[in-house]
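The values are calculated or read from the model by the stated rules, or taken from the named source; none is laboratory data. What you are looking at is a predicted structure, and each value in this text was computed from that prediction instead of being measured. Positions of Cβ are generated from backbone atoms using ideal geometry, with glycine treated the same way; all protein chains shown enter the neighbour counts. Surface accessibility is based on the protein's heavy atoms, side chains included, excluding ligands, DNA and RNA. Shrake-Rupley method; radii C 1.70, N 1.55, O 1.52, S 1.80 Å.
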Amino acid sequence: MSDTQMNTLIIQVAKLETSQEASTKALSEVAFSVGRLVDRLESSDDVAKEAAQSARSAHKRIDKLEDAVKEDKDDMDDAIERMRQGQRYVVTTACALISIGVAAIGLAIKFVQ
């Protein structure tokens, strides 16, 4: 081999070493970035799990509140119906008493004459 060929080979080997070092550095940076990405994904997974748990808990509380509101509405409907029945009783009783009173007054006037 001649000196020119040897120098060419040395230059090519040096270029390969430089290229390999750059590739190794880039690979190590990618590996570090992937590691950070994995950490972030695990962190966001934990946050997502917490959010899902909070949502389930909130839905349970909302369901309980809806049940309580429904029960209260049913109770109020029952109370309103009882009030209406009481009002009907008072009105019918008052009409009956007025009718009896008018009849009694008419009967008393008839006996007085």
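Hey, in the GNM for the chain with a 10 angstrom Cα cutoff, which one of Lys70, Lys60, Lys15 fluctuates hardest?
Result: Lys15 has the largest fluctuation of those listed.
Mind pulling the per residue volume of the convex hull built on the Cα atoms of the chain? Å³ is fine.
Given the Cα convex hull of the chain, per-residue volume reads 107 Å³.
For helix 3-112, what angle does its Cα long axis make with the longest principal axis of the chain, in degrees from 0 to 90 and rounded to 10?
0
Place a +1 charge on the Cβ of each Lys and Arg in the chain and a -1 charge on the Cβ of each Asp and Glu, then give the dipole magnitude about the Cα centre in debye, rounded to the nearest 20.
That gives the chain a dipole magnitude of about 920 debye.
Once you have a ≥ b ≥ c as the square roots of the Cα gyration tensor eigenvalues for region 26-66, tell me rounded if a/c is under 1.5, and otherwise prolate or oblate according to whether a/b is larger than b/c.
prolate
Nearest 0.05, what FRET efficiency do Ala22 and Asp46 give at R0 = 35 Å with Cβ-Cβ as r?
It comes to 0.45.
Choose one of Ser99, Ala79, Ser57: the residue whose Cα lies farthest towards the positive end of the charge dipole of region 45-101 (beta-carbon charges +1 Lys, Arg; -1 Asp, Glu; about the Cα centre).
Of the candidates, Ser99 comes out farthest on the positive side.
Can you list the equivalent-ellipsoid semi-axes of region 42-91, largest first and in whole Å, using the square root of 5 times each Cα gyration tensor eigenvalue?
Computed over region 42-91, the values are 48, 5, 4 Å.
Could you state the accessible area per residue of the chain in Å², with a 1.4 Å probe and every protein chain left in place?
Heavy-atom SASA per residue in the chain reads 91 Å².
Ignoring ligands, DNA and RNA, what percent of the accessible area of the chain is carbon or sulfur (1.4 Å)?
The nonpolar share, carbon plus sulfur, comes to 63 percent.
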